[in-house]
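Here the structure comes first, spelled out in structure tokens, and everything after it is commentary.
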Amino acid sequence: MIGIIMGSDSDLKIMSEAAEMLEEFGINYEITVVSAHRTPERMFDYAQTARERGLKVIIAGAGGAAHLPGMVASLTTLPVIGVPIKSRNSIDGWDSVLSILQMPGGVPVATVALDGAKNAGILAAQMIGSFDEKIAAKLAMFKKELSDKVMKAVEKMERKEKES
């Protein structure tokens, strides 16, 4: 249901966080390497056949020049979430962020934070949850668990404060 792609297998450590979130919500995904620069024909094929293969959202991670998310978005009508990745040849990650963020009008790419694949997975789940009630319910539980975790920290902190 979700395609997770990255420009290089060196991005897998980051992009696997998106896969982990999708697994948590019970959403099927595929994950592979698609390089905009080294395998452009593969990128064209992947993007142009994504809908017919049943994908609903594509999460695309890339470092450096980070053309993959934008190029894929130009080739499909599916929503594309870009994950800028701080790579070894990166300018502190800013090149990737700006490359994915600054898309021309008509070719949107939703962009998460640098190395923010976890949030990309959650955002993709929210897109699916907009039409799938089972996923929406799992997301509601996830948000409640986030809130509960914060409130437990508040209680712990307030107890310590009263004790001192």
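Summary of computed values
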| quantity | calculated |
| --- | --- |
| Simple label model, 7 Å out from Cα along Cβ direction - E155 to E24, nm | 2.1 |
| Label zone at K134, where the point sits 7 Å out along the Cα-to-Cβ direction: the range 7-26 residues whose backbone N lies under 14 Å | 23-26 |
| Sorted by Cβ neighbour density within 10 Å, fewest at the top, the residues M21, M157 | M157, M21 |
| Cα pair count fraction exceeding 22 Å, expressed as % - the chain | 44 |
| Cross-link table K13/K160; K13/K152; K86/K149; K56/K86; K13/K143; K86/K162, entries beyond 32 Å C-alpha to C-alpha | K13/K160; K86/K162 |
| DSSP-assigned coil residues among chymotrypsin sites (Phe, Trp or Tyr not before Pro) in the range 63-164, each with at most 12 further Cβ atoms within 10 Å | F131 |
| In the range 33-115, the trypsin sites (Lys or Arg not before Pro) that fall in loop regions by DSSP, at most 15 other Cβ within 10 Å | R38, R51, R53, R88 |
| Net charge, G129 excluded, C-beta distance under 12 Å - Lys, Arg +1, Asp, Glu -1 | +2 |
| D92-T39 pseudo-label distance in nm [points 7 Å out on the Cα-to-Cβ vector] | 3.4 |
| DSSP bridge orientation in the chain - percent antiparallel, rounded to nearest 5 | 0 |
| Formal net charge of residues neighbouring K13 (Cβ-Cβ distance under 13 Å; K, R +1; D, E -1) | -2 |
| The range 2-131, relative contact order [Cα under 8 Å, separation at least 6], % | 28 |
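The numbers here are math on the coordinates, done by the rules we state, and not lab data. Treat the numbers as computed from the prediction; the structure is a model and nothing was measured. Virtual Cβ from ideal backbone geometry, glycine too; neighbours counted across all protein chains shown.
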